[in-house]
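Encoded as C-alpha cells, the structure appears first; notes follow it.
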Amino acid sequence: MAKCDEGYLCFVCGEPVERIDHSALYLQYIIGWVDPETLHLRPDCHLRCSPALAQYIEDEHFEPVTCTGDLDRRRLDPDFVAQRVELVTRGYRRLREVSRHRRGLSVQDYPLPEARRRWS
C-alpha cells in the first residue's frame, strides 16, 4: 500500500491491497513492527491473507480469522495471546481511524503513540 498510496499486490493472493484498512503492512507499521524507513520497501498483503496476524483482531468490524498450525493462538500461552490481542486490536482500530481521516494525516501520524515514540 505504501507506493504513493496506490496499493501493492498482495504477496499471498496476488490481488491488489486497495484499502489501507485491509493492509497487514500498515497494521504492522501502526503497532510498531515495521520501521518507517522501510515501509515503502516491504511487500504487503491483505489482513485476511495473514491469519497469523489477523487472528488477534477482535473487533466488530472484522470477521474473525482462524490460524492453523504452530501459530494458532489457541496453542499459545494465554497471557501472550491476551497481550497480542490488545495490541493488534488497538492497531486495527487505529488503522480504521487512519483510513477514515487519512487526508489530514501524514504517514508519521499513523502509528500508535508508543510506536511513534519508538521511531522519534
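The values are calculated or read from the model by the stated rules, or taken from the named source; none is laboratory data. Nothing here was measured: the structure is a model prediction, and the numbers come from that model. Neighbour counts are summed over all protein chains in view; Cβ atoms, including those assigned to glycine, are modelled from backbone coordinates with ideal geometry.
Of note:
- Per this entry, Ser50 is not counted among residues that are under 24 Å from Arg118 (Cβ atoms), in contact with an Asp or Glu (Cβ under 6 Å, 6 or more places away or on another chain), polar (S, T, N, Q) and modelled with pLDDT of 95 or more.
- In the stretch 71-112, the residues that are modelled with pLDDT under 95 and exposed (fewer than 12 other Cβ atoms within 10 Å of the Cβ): Arg100, His101, Arg103, Gly104, Leu105, Ser106, Gln108, Asp109
- Within the stretch 72-120, being touching a Lys or Arg at 6+ places or on another chain (Cβ under 9 Å) and free of Cβ contacts under 8 Å to residues at least 12 places away in the same chain holds for Leu76, Phe80, Asp109.
- Subset of the stretch 45-63 (residues that are charged (D, E, K, R) and either assigned to a helix (DSSP H, G or I) or touching a strand residue (DSSP E or B) at 6+ places or on another chain (Cβ under 8 Å) (or both)): Arg48
- One residue stands out among those in the stretch 67-92 that are of a type in the set (D, E, K, R) and either in a loop (DSSP other than H, G, I, E, B) or in contact with a strand residue (DSSP E or B) (Cβ under 7 Å, 6 or more places away or on another chain) (or both): the one that is nearest to His22 (Cα to Cα), which is Asp72.
- Those residues of the stretch 6-59 which are charged (D, E, K, R), without any contact (Cβ under 8 Å) to a residue 60 or more places away in the chain and within 18 Å of Tyr92 (Cα to Cα), in sequence order: Glu18, Asp44, Arg48, Glu58, Asp59
- Just one of the listed residues (Ser50, Ser120, Ser106, Ser99) is over 19 Å from Ala24 (Cβ atoms), touching a helix residue (DSSP H, G or I) at 6+ places or on another chain (Cβ under 9 Å) and among the small types (Gly, Ala, Ser), and it is Ser120.
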